[in-house]
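Taken together, the values in this text are just the output of simple stated rules run on the coordinates, not laboratory data. These numbers were taken from a predicted model, which means no experiment stands behind them. Cβ: placed from backbone, ideal geometry, glycine included. Neighbour counts: every protein chain shown.
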Amino acid sequence: VVDTARRAVALYGFQEMSTPIFEFTDVFKRTLGDTSDIVTKEMYSFVRGGDQLTLRPEATAGIARAVISGGLAQHAPLKFFYYGPMFRYERPQAGRLARAPTAASRVAPFVFGSSAAMRSSADGAASSDTPESIRRPTVET
């Protein structure tokens, strides 16, 4: 499935982005909101060495953090795709036993900066001022 997704998104100029499975909890609280259902009910969070960490419930916050802290925002629009497990706590239904953490794997595109990025040509062409490392997806065919 992932290999098929890689080939498909490469046709449209998307580059693979990997995010950590563990992030600082504040990354999700800032982007999802302190009172969202994900933050208040569904995240697996814990304290380790004084840091509050969370198993990623979704990838958008991690990608946004990487783009901003890595200085990539100046090259927007950017097109990424991600895949991997996303962890969310689900309460068992009445009369059912609790189960292990839910780790749903997900493959999804992510566009940062402008909807114009979605309108690029099918050959993955990018503007001439886009850095080579962003223009060329790291996909093996």
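If Lys and Arg each add +1 and Asp and Glu each add -1, what is the summed charge of the other residues whose beta carbon sits under 15 Å from the beta carbon of residue 63? Neighbourhood net charge equals +2.
Spacing of the modelled spin labels on residue 76 and residue 44, each 7 Å from Cα toward Cβ, amounts to 3.2 nm. Rounded to the nearest whole Hz, the Karplus-based 3J(HN,Hα) values (6.51 cos²θ - 1.76 cosθ + 1.60, θ = phi - 60°) of the range 78-83 follow the sequence 10, 10, 10, 9, 9, 8, with x at glycine and proline. The calculated FRET efficiency for the pair residue 105 and residue 24, based on their C-beta separation and a Förster distance of 22 Å, comes to about 0.45. For residue 5, neighbours were defined as the other residues whose beta-carbon sits under 12 Å from its Cβ, and their charges (Lys and Arg +1, Asp and Glu -1) total +1.
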